[in-house]
Amino acid sequence: MHWKDLFNPDKVIAAAFKVFLALLAVMFVMQLLVAALSRASAKDIVLVLFCWAVVSVVAFYIRERRRGQKQQPRRVHGAERTPLMPTRKGE
């Protein structure tokens, strides 16, 4: 959002609504986590954290594999230049 959009009421209302929905979603997810973790034992919490770590690592490797191999920069053995003939100052 640009500064000039602050003077456009439609864009301000749309942006405020998006911020409101994002905050509402964050609060909803936090409430779900608190409700789920309040009933869980320490062993369950450790198991959830371990599973989350494993899934994160697997997702990272899948993403990197799908990106493909990074192309190696071409190795140039020397710059291609037009040879210049030496100038003779005597002639």
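Just so you know, all these numbers are worked out from the coordinates, no wet-lab data involved. Computed from a predicted structure; not experimentally measured. Methodologically, a virtual Cβ is constructed for each residue, glycine included, from the backbone with ideal geometry; neighbour enumeration extends over all protein chains shown.
Angle of helix 9-38 to the longest C-alpha principal axis of the chain, folded into 0 to 90 degrees and rounded to 10: 60°.
Calculated FRET efficiency, Val54 and Val34, Cβ-Cβ r, R0 22 Å, to nearest 0.05?
Working: r = 24 Å, r/R0 = 1.08.
E(calc), rounded to 0.05, equals 0.40.
Excluding Asp10 itself, what net charge comes from residues whose Cβ is under 15 Å from its Cβ, given Lys and Arg +1 and Asp and Glu -1? Net charge in that neighbourhood comes out at +2.
For the chain, what is the charge dipole size about the Cα centre, in debye to the nearest 20, if Lys and Arg each add +1 at the Cβ and Asp and Glu each add -1 at the Cβ?
Values: 15 positive and 6 negative charges, 114 e Å.
In total the dipole reaches around 540 debye.
Start at zero, step by 10 Å, and the Cα-Cα distances of region 3-66 spread as 18, 22, 24, 22, 13, 1 percent across the bins.
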